[in-house]
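Derivation of every value follows stated rules applied to the coordinates shown; laboratory data play no part. The model shown is predicted, which means the values in this text are computed figures rather than measured ones. Positions of Cβ are generated from backbone atoms using ideal geometry, with glycine treated the same way; all protein chains shown enter the neighbour counts.
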Amino acid sequence: MNVLLISANRLKSPYAVYPLGLDYVARALEPRHQVQVVDLITGADTAELVAVLQESPPDIVGISIRNIDNTDTLDPRGFTGQYRDLAILIRAHTDAPIVLGGSGFTIFPAELMALLKADFGIVGEGERLALLLDAIANGNDPAGIPGVILPEQTVDIPRPLDAHWDRTVNFAPAVTNYYIRQGGMLNLQSKRGCPFRCIYCTYPHIEGRAMRRIAPAEVAATALALQAAGARYLFITDSAFNADMTHSLAVADAFKAVGLTIPWGAFFAPIRPPDGYFERMVQSGLTHIEFGTEAMADAVLQAYQKPFRVADIQHAHQAALAAGVHIAHYMLLGGPGETSATLAETLSNIDKLTLTVVFFFCGMRIYPHTALYRLAIEEKMISAEQDLLEPVFYRSAAIDEKAIRAQIQQYAGGRTNWVIGAGGEEIEKVLTRLHTRGFVGPLWEFLIR
Ligand code: B12
Ligand code: SF4
């Protein structure tokens, strides 16, 4: 079949993110099917998309839906209207069925199926599209394929793939070169799944709770291929790269063994590392750590069910600092247990962290399939029937978002390394300018104080 895969994400904040998921979907289809990828972030406009639909008419169109909104209460942006318009445009030029997938879709499948009037959806891992195409080609009922959903069907939770998954690194110039020119960042995975149970987090729902690891040599071979293709920086997109200390070290060692020379970064949980952990990471090229810290008051960390406490954060921070890596901490304020006193404790503890940049997100978005969702229903903040595609944020009874922001601003004074939200359009413009001038990576290191 002729398959057209569209990455619908146009968001360039904080920077443009390579649509990694489509590499896996494409690999599961090739060579039995002809796959063409259109990435809307690269500037492909309506006319170009229409030209693709007319010149090589697809038998099926897959739309990858990553972001629903930017989860930023200060500068809220939603994207579902764009996706609906995209589906209308596609429908106007082809009768081919539309299939939806992606991390955003996996959180809100029923809502997006209805909004985009799609024919099929795949929750979780899109490699299963291969099975759906077989069913369509053979006239079989696709309803029983795990993860495949049809319009108005009740949606089950994603079932992780049993099999190994492979990636076609997409070197199509129209896709890859854009990222190579704009900051040089490409991305890769070393495993899927997160075993932790943080109450607000969608990642275990999207990827599963069991960690499914990719052999370190294979991760390193992919990294080397990306470097050879022109990448100047790599981001490992694992939910928490260090959730498996042994595997993450093996991956880092494999990077070194294959002679990877470009820098890389990843999300880390601020849990206590074994001695020498970050040093070995740095020796293999790690330059940026993004800690998902969320709070620095033990009562709140406990309420969020984080797998660490303040002392662990301080320990991990010092260990990373000693290894000479750039450190950012991401905070998620205003969730269950937050009060003015816990916030004061968090701010004062953050203040003791040296040489870092801190991003403050004020307001915890309530997602289905999370403990926070169940709590919000119990507390009658939302109803079980409520549509959460439009963001709803948990409100701590003791402190509201405005008061949280005011308290941070008052404490922060003129600190330039304390950033509220993702930085909005202003940061996006600065990063785009720097990336165009040849700077590589996430660049938040320039804010470190
Ligand atoms: C890594 C990551 C980041 C990194 C990316 C760095 C980089 N260079 O890659 C950074 C930190 C920059 C980032 C930023 C943001 N992120 Co983010 N991020 C992730 C994360 C953890 C992994 C994404 C990923 O690459 N996965 C690996 C690939 C292989 O998987 P995948 O894309 O899901 O694809 C698979 C399936 O979804 C499916 N699939 C994908 N496409 C398609 C298409 C079809 C047709 C089919 C059938 C299947 C299919 O098959 C694929 C293979 O199995 C996800 C959470 C998660 N665990 O998924 C959040 C996530 C995508 N991010 C999210 C958000 C909100 C953001 C930001 C808007 C936050 C902000 N305010 O700044 C920005 C947006 C950035 C941008 N320009 O788009 C949300 C999106 C949901 C929402 N509320 O909208 C997520 C889901 C986290 C969450 N809160 O739940 N992010
Ligand atoms: S460690 Fe990170 S990815 Fe895992 S559940 Fe907690 S917040 Fe989510």
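Extension gain, His93 to Trp165, is 22.6 nm, computed as 0.36 nm per intervening residue step minus the present C-alpha separation. Sparse packing (at most 16 other Cβ atoms within 10 Å of the Cβ) combined with a DSSP loop state is found for the following trypsin sites (Lys or Arg not before Pro) in region 173-223: Arg197, Arg209.
Taken over the chain, lysine pairs spaced eight or more positions apart, or on distinct chains, with alpha carbons under 30 Å apart number 13.
Based on the mean of other beta carbon atoms within 10 Å per residue, what is the order of 43-53, 230-240, most packed first?
Numbers: 43-53: 14.0, 230-240: 22.5.
In decreasing order of mean packing, 43-53, 230-240 become 230-240, 43-53.
Within the chain, the percentage of alpha carbon pairs spaced more than 30 angstrom apart rounds to 45%.
Of the three principal axes defined by the Cα atoms of region 323-449, the extents in descending order read 49, 32, 29 Å. For region 172-225, a simple Cβ point-charge model (Lys and Arg +1, Asp and Glu -1, everything else neutral) yields a dipole of about 200 debye relative to the Cα centre. Based on alpha carbons, the Rg and Dmax found for region 154-223 are 15.3, 43 Å. Ordering of 150-163, 9-22 by packing is 9-22, 150-163, highest average first (other Cβ atoms within 10 Å, averaged per residue).
With runs of 4+ DSSP H residues as the only contributors, calculate the mean residue ellipticity of the chain at 222 nm using -39,500 (n - 2.57) per run, divided by the residue total and rounded to the nearest 500. All intermediate terms of the calculation are to be shown ahead of the outcome.
On the way: 17 runs with 170 residues, N = 449.
Result for the chain, helices only: -11000 deg cm²/dmol.
When you filter the GluC sites (Glu not before Pro) in region 382-429 for DSSP loop state and at most 13 other Cβ atoms inside 10 Å of their Cβ, you are left with Glu385. By the compact-protein rule of thumb, 2.2 N^0.38 Å, the alpha-carbon radius of gyration of region 35-86 corresponds to a ratio of 1.38. For region 402-449, a Kirkwood radius taken over Cα pairs fed into Stokes-Einstein (25 °C, viscosity 0.890 mPa s) yields D = 201 µm²/s. Once the mean of 1/r is taken over each pair of separate Cα atoms and inverted, region 247-316 shows a Kirkwood hydrodynamic radius of 13.2 Å. Cβ screening of the chain for cysteine pairs under 4.7 Å finds these without a partner: Cys194, Cys362.
For region 67-220, list log₁₀ I(q)/I(0) at each q in 0.16 Å⁻¹, using the Debye formula over Cα point scatterers of equal strength and ignoring solvent, two decimals each. So the normalised log intensities are -1.18.
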